[in-house]
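The values are calculated or read from the model by the stated rules, or taken from the named source; none is laboratory data. Just so it is clear, the structure is predicted and the values come from calculations on it, not from any experiment. Cβ placement follows ideal geometry from the backbone for every residue including glycine, while neighbour counts extend to all protein chains displayed.
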Amino acid sequence: MTLQAIKYNKGKLEILDQLLLPTQSVYRDILSVEDGWKAINSMQVRGAPAIAIVGALSLAVEMYPKIYEDKQELEKDVEEKLNRLVKARPTAVNMKIATHQITSLAKELAYNDLINLEEMKAKILGSIEEMLEKDVSDNKSIGLIGADAIIKQKNCNNGSARILTHCNTGSLATAGYGTALGVIRALHESNHLEHVYCTETRPYMQGARLTAYELVHDRLPSTLVCDSAVAALLQHEQITAVVVGADRVAANGDTANKIGTYQIAVVAKHHGVPFYVASPLSSVDLSIPSGEHIPIEERSDKEITHVLDKRIAAPGISCWNPAFDITPASLITGIITEHGMLDPLELEEKVSKFKCLQKE
Ligand code: MRU
């Protein structure tokens, strides 16, 4: 059985409620854009690619039965609904990029006299529905490219890799297979994975709850470690490479990812361990020159002060709970995209070329 965070069929959308994992596996119907917004904002669905796909599909679900007066009304509806979805979570850029692509298409079709209302609706739905398949195929390419680079590293003992990853970047964070976890899956599929370590990823525990769930589900040789054990792990265990995902990569290669990523990159540099970011182009934001311009979501104190609704922190203490941090490009060995391994320094030039080609 493959793990599936998103189930979709022609106007019917269900998501696996990730707040209940790993103890319960419950799918929730998403019947509207409002349901999609709530599922993303409450983190029933999370992970940058999955956020965009569920957001866009929630619009598709609303569009199917709706009768529009004319093409302008359809264009306005698409734009308004997508702009609302972008605000559900601010750091991951995928929803913003998807919004730009879909609204540009809607605008173009609205002013094309050769296309009627029904055709316009069908084309917009088609472009949304394509996102699912494209994400899985991009992830498979990322997996192969990343695995190939790691196997070729000098420190990869007889082609047997020992990987550290952070947060959850797998089937639960994407349409399937995963980005950083896709690289780990590809290593395993080609018999090059000796072991994978995943961090707990406090305070939301995406590593302990979700990545560990995926690793056990797929029977990968794996071990869970506390976030605070990373330096000791890199000191004592021969780790071949660190591979993490991305919520937003700025034009200069600075990368926003789950809180704790930056400190892992610093420690990896100290120990001479290559540090890779696995990121589809849908997470690269060329409109942002560097990491300092990326908005960082801050979440509630309760995520730190409580464990399973029981208060553990001393009453009265104040908290700071950023959900993401920025890893400077200088600490990143390579950015693994579906188009190849990119040096952060060449990211802007190469990605603008790929994005131009995609438009043609
Ligand atoms: O807060 P989350 O769980 O949405 O954060 C997820 C991450 O930081 C992932 O590493 C990132 O979105 C990449 S998922 C392929």
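Yes/no per residue for (1) small (Gly, Ala, Ser); (2) under 29 Å from TYR204 (Cα atoms); (3) in contact with a Phe, Trp or Tyr (Cβ under 8 Å, 6 or more places away or on another chain):
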site: THR23; (1), (2), (3): no, yes, no
site: ARG28; (1), (2), (3): no, yes, no
site: VAL33; (1), (2), (3): no, yes, no
site: PRO49; (1), (2), (3): no, yes, no
site: ALA52; (1), (2), (3): yes, yes, no
site: LYS66; (1), (2), (3): no, no, no
site: THR103; (1), (2), (3): no, no, no
site: ALA110; (1), (2), (3): yes, no, no
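For the stretch 296-322, filtered to residues that are in a loop (DSSP other than H, G, I, E, B) and either aliphatic (A, V, I, L, M) or in contact with a helix residue (DSSP H, G or I) (Cβ under 7 Å, 6 or more places away or on another chain) (or both), the residue that is farthest from THR91 (Cα to Cα) is ALA314. Of THR169, THR165, THR91, all but one fail to be touching a residue at least 12 places away in the same chain (Cβ under 8 Å), in contact with a Phe, Trp or Tyr (Cβ under 6 Å, 6 or more places away or on another chain) and within 16 Å of the ligand (Cβ to nearest atom); the exception is THR91. For the stretch 293-328, taking the residues that are surrounded by 12 or more Cβ atoms within 10 Å (Cβ to Cβ) and away from the ligand (no atom under 16 Å from the Cβ), the one that is farthest from the chain's Cα centre (by Cα) is identified as ALA313. Within the stretch 329-350, the set of residues being assigned to a strand (DSSP E or B), hydrophobic (A, V, I, L, M, F, W, C) and more than 16 Å from the ligand (Cβ to nearest atom) comprises MET341, LEU342.
Checking each residue of the stretch 66-87 against the condition of being in contact (Cβ under 8 Å) with a residue 60 or more places away in the chain and either buried (at least 23 other Cβ atoms within 10 Å of the Cβ) or under 23 Å from the mean Cα position of the chain (by Cα) (or both) gives no match. For the stretch 215-295, the strands (runs of 3 or more DSSP E) that sit wholly inside it and include 2 or more residues that are under 20 Å from SER160 (Cα atoms) are 222-225, 241-244, 275-278.
Scanning the stretch 7-21 for residues that are more than 21 Å from GLN206 (Cβ to Cβ), in contact (Cβ under 8 Å) with a residue 40 or more places away in the chain and assigned to a strand (DSSP E or B) returns TYR8, LYS12, LEU13. In the set (1) touching a Leu at 6+ places or on another chain (Cβ under 9 Å); (2) touching a residue at least 40 places away in the same chain (Cβ under 8 Å); (3) within 16 Å of the ligand (Cβ to nearest atom); (4) of a type outside the set (S, T, N, Q), TYR204 fails one condition alone, (1). Restricting GLN18, GLN4, GLN44 to residues that are within 16 Å of the ligand (Cβ to nearest atom) and at pLDDT below 95 narrows the list to GLN4. Remark: GLU108 matches the filter, which requires a residue to be among the acidic types (Asp, Glu), out of contact with any Pro (no Cβ under 7 Å at 6 or more places or on another chain) and surrounded by fewer than 20 Cβ atoms within 10 Å (Cβ to Cβ). Residues that are near the ligand (Cβ under 10 Å from one of its atoms) and either among the hydroxyl-bearing types (Ser, Thr, Tyr) or assigned to a loop (DSSP other than H, G, I, E, B) (or both) were ranked within the stretch 178-190; the one that is nearest to SER282 (Cα to Cα) is THR179. Going through (1) within 23 Å of GLY260 (Cα to Cα); (2) part of a helix (DSSP H, G or I); (3) charged (D, E, K, R) one by one, ASP325 falls short only on (2).
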